[in-house]
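Step one of this worksheet: look at the structure below.
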RNA sequence: GGGGCCGUGGUGUAGUCCGGUUAACACGCCGGCCUGUCAAGCCGGAGAUCGCGGGUUCAAGUCCCGUCGGCCCCGCCA
């Protein structure tokens with residue numbers, strides 16, 4: 001290439017008129033009028049219209065050969081477009097570049113899909129040709145947003161005295177929690193490293209080491225099944241602080257969110273964020289990550305229907321279950337088919353059925369009316385705040401299941417009934433989580449957050465008598481129905497940690513084997529500490545207004561954890577296996 | 001481990017329920033015409049045997065079985 005690029009394709013304006021410039025980029029579109037040829041030249045900064053006039057024979061002949069996605073260099077004069085020819089849709093639309101010279105830096109095959117936004121193309125193809133997909137303006141802006149998010153986070157924590165420390169990617173496997181990705185050791189055949197599910201133990205050890213404010217933007221790995229908001233490798237903003245209580249962590253995070261929203265979205269948000277107890281979240285919204293952009297709270301009618309003739313409700317209540325429901329404004333128009341669909345939906349979450357009551361002008365428009373006397377019908381209707389034309393959807397089951405089922409129904413209805421206002425960001429904290437939950441399969445309590453989470457002091461006395469009632473010093477940050485961060489104050493005393501392990505049925509020997517290094521560290525002066533970790537991809541996804549974290553990850557995996565572009569995972573050479581002492585056993 | 005939806009020229013879809021002569025449409029691509037377009041326009045053309053394998057049938061894109069792949073969800077994700 002003879003000359004250097006002087007400007008990007010988004011840079012030129014009226015005031016550059018008359019200048020000689022060199023632009024480089026991709027041919028976005030070609031409009032050949034037989035005489036004059038227009039090329040829109042694209043790079044990540046924008047597009048600029050290039051004009052090729054037949055009078056300039058040499059450059060005109062080159063222009064005729066140009067096709068989509070050719071990489072070219074153009075030297076020319078910036079000119080103000082003729083009267084009435086400006087393109088307001090383009091930032092550079094008031095000018096154009098009259099080409100003097102044009103060099104094809106590299107031709108291109110016709111791409112398998114067009115490099116434009118708003119085209120319907122299967123995600124499969126987008127992932128296979130990710131480099132083409134990433135050329136599309138919307139994907140470029142997603143990755144640029146992600147880039148800005150990294151910068152805001154680093155700046156904020158740096159300003160607040162946090163130290164960024166990298167922790168190992170090759171670490172000890174700790175089978176509590178998610179499935180590990182394992183890495184075989186060549187030097188120690190038969191032994192394995194694990195990729196971190198999170199740098200949890202390292203950051204706690206950094207507290208012991210005296211780095212009282214730590215953060216890291218770090219990859220984590222979990223070998224579990226994927227979802228729209230879950231990838232096997234994902235990025236966390238990992239944070240830990242010493243000499244703090246939960247409020248200190250929460251307000252530090254609120255400050256970060258305020259900064260992020262301001263810098264990325266130009267939105268001012270209020271702090272402190274509302275806090276809901278776990279119990280309140282479950283009872284009112286049926287979720288530990290409630291979407292608070294809309295109301296539609298669950299209504300508990302257990303106390304009313306206890307007196308009804310309806311056996312389904314009575315039996316559930318006799319077994320200490322709950323009867324709760326949701327009001328669907330205007331839902332009385334739902335067809336039988338629609339209600340059947342919703343019934344199928346709630347069954348996926350373990351409900352036995354769904355009771356639907358249509359509210360008519362005078363009274364219930366429902367075959368169930370006969371089971372409830374008139375006063376009861378009126379009480380129930382008013383408990384829901386329901387009016388004629390509404391629909392009540394009611395679940396009767398054990399309390400937790402009732403809540404969870406209705407929570408999922410609430411989210412589905414919100415989407416389908418457009419209850420969710422556009423462009424809102426509703427942050428909240430969910431606090432007072434149970435420390436433990438009982439795992440039926442393993443027949444033991446497991447840590448709801450992780451085994452290093454501190455119980456609340458006032459609940460410690462319950463650890464022996466009623467472990468399920470012990471609340472944790474744990475907190476989740478929820479944004480628009482997504483858990484975007486979760487953390488806790490940690491246990492920093494050996495005795496309490498031992499107690500926790502015994503509740504989890506982790507023997508002293510096992511604790512020693514798995515976490516001995518951490519426990520030993522705690523014996524050398526561990527400060528009280530706590531922290532939090534953000535799902536960076538989820539946060540980026542929400543800020544970008546996308547439905548899948550794949551849209552904010554440059555090279556994501558498919559649902560079955562394949563990389564369609566490079567073909568990972570793949571078989572390896574026999575020699576590599578030999579070096580590692582690994583034999584493949586046919587499945 | 002399980003449930004649902006999907007796979008037809010380069011791309012997106014129609015056709016599949018009710019099997020039957022040249023698989024349709026739009027965009028893209030190629031060529032021609034055209035000197036001010038910007039989703040340029042007009043005319044013409046090429047291009048798919050219907051994800052893959054097997055089966056049923058005189059006959060399969062269409063029915064059946066299996067398999068691969070994509071997406072959404074349940075379980076799982078301390």
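The values are calculated or read from the model by the stated rules, or taken from the named source; none is laboratory data. Note that the structure is a prediction, hence the values are computed from the model and not measured. No Cβ is skipped: glycine too gets one built from the backbone with ideal geometry, and neighbour counts run over all protein chains shown.
You will find that of A:91, A:79, the residue that is in a strand (DSSP E or B) and in contact (Cβ under 8 Å) with a residue 60 or more places away in the chain is A:79 and no other. Total residues in segment A:503-521 satisfying the condition of being closer than 19 Å to residue A:473 by Cα and over 31 Å from the mean Cα position of the chain (by Cα): the figure is 1. Looking only at residues of segment A:48-59 that are over 25 Å from residue A:8 (Cβ atoms) and not in a loop (DSSP other than H, G, I, E, B), we find that the one that is nearest to RNA strand B (Cβ to nearest atom) is A:57. Residue A:321 meets each of the listed conditions (1) within 12 Å of residue A:409 (Cβ to Cβ); (2) in contact with a strand residue (DSSP E or B) (Cβ under 8 Å, 6 or more places away or on another chain) apart from (1). Reported count of residues in segment A:520-544, each being within 15 Å of RNA strand B (Cβ to nearest atom) and farther than 24 Å from residue A:247 by Cα, is 4. Taking the conditions (1) without any contact (Cβ under 8 Å) to a residue 60 or more places away in the chain; (2) in a strand (DSSP E or B); (3) within 11 Å of RNA strand B (Cβ to nearest atom) in turn, residue A:41 satisfies each one other than (3). Within the option set A:455, A:527, A:467, being on the phi < 0 side of the Ramachandran plot, modelled with pLDDT of 95 or more and crowded, with 16+ Cβ neighbours inside 10 Å holds for one residue only, A:455. Taking first residues from segment A:524-539 that are in contact (Cβ under 8 Å) with a residue 24 or more places away in the chain and partners that are assigned to a helix (DSSP H, G or I) and within 13 Å of RNA strand B (Cβ to nearest atom), the Cβ contacts under 7 Å between residues at least 6 apart in sequence or on separate chains come to A:529/A:204; A:531/A:203; A:537/A:549; A:537/A:552; A:538/A:549. For segment A:227-237, a tally of residues being out of contact with any strand residue (DSSP E or B) (no Cβ under 9 Å at 6 or more places or on another chain) and either more than 14 Å from RNA strand B (Cβ to nearest atom) or assigned to a loop (DSSP other than H, G, I, E, B) (or both) returns 2. Hey, can you tell me all the residues within segment A:441-466 that are within 14 Å of RNA strand B (Cβ to nearest atom) and over 17 Å from residue A:488 (Cβ atoms)? Matches in segment A:441-466: A:441, A:442, A:443, A:444. None of A:22, A:51 is within 30 Å of residue A:147 (Cβ to Cβ) and buried (at least 16 other Cβ atoms within 10 Å of the Cβ) except A:22. Screening the candidates A:518, A:539 for the property of being farther than 19 Å from residue A:278 by Cα, touching a strand residue (DSSP E or B) at 6+ places or on another chain (Cβ under 6 Å) and surrounded by 19 or more Cβ atoms within 10 Å (Cβ to Cβ) yields one hit, A:539.
Filter the helices (runs of 4 or more DSSP H) completely within segment A:116-226 down to those with at least 3 residues that are more than 10 Å from RNA strand B (Cβ to nearest atom), assigned by TED's automatic domain parsing to the domain that holds residue A:442 and within 30 Å of residue A:27 (Cα to Cα).
Once the helices (runs of 4 or more DSSP H) in segment A:116-226 are filtered for at least 3 residues that are more than 10 Å from RNA strand B (Cβ to nearest atom), assigned by TED's automatic domain parsing to the domain that holds residue A:442 and within 30 Å of residue A:27 (Cα to Cα), what remains is A:137-159.
The single residue among A:344, A:315 that is part of a helix (DSSP H, G or I), over 30 Å from residue A:480 (Cα atoms) and modelled with pLDDT under 90 turns out to be A:315. Considering only segment A:238-251, how many residues are more than 14 Å from RNA strand B (Cβ to nearest atom) and crowded, with 19+ Cβ neighbours inside 10 Å? Looking only at that region, the number is 6.
Looking across A:386, A:369, A:414, one residue alone is over 26 Å from the mean Cα position of the chain (by Cα) and crowded, with 16+ Cβ neighbours inside 10 Å. It is A:386.
Kindly indicate whether residue A:101 is in a strand (DSSP E or B), within 17 Å of residue A:21 (Cα to Cα), touching a residue at least 24 places away in the same chain (Cβ under 8 Å) and more than 7 Å from RNA strand B (Cβ to nearest atom). Judged against the criteria, residue A:101 is a match. The residue list A:360, A:325, A:331 contains one member that is surrounded by fewer than 19 Cβ atoms within 10 Å (Cβ to Cβ) and either modelled with pLDDT of 90 or more or in the same structural domain as residue A:404 (by TED's automatic domain parsing) (or both), which is A:360. Residue-level analysis places residue A:376 outside the set of residues that are crowded, with 23+ Cβ neighbours inside 10 Å, assigned by TED's automatic domain parsing to the domain that holds residue A:320 and touching a residue at least 60 places away in the same chain (Cβ under 8 Å).
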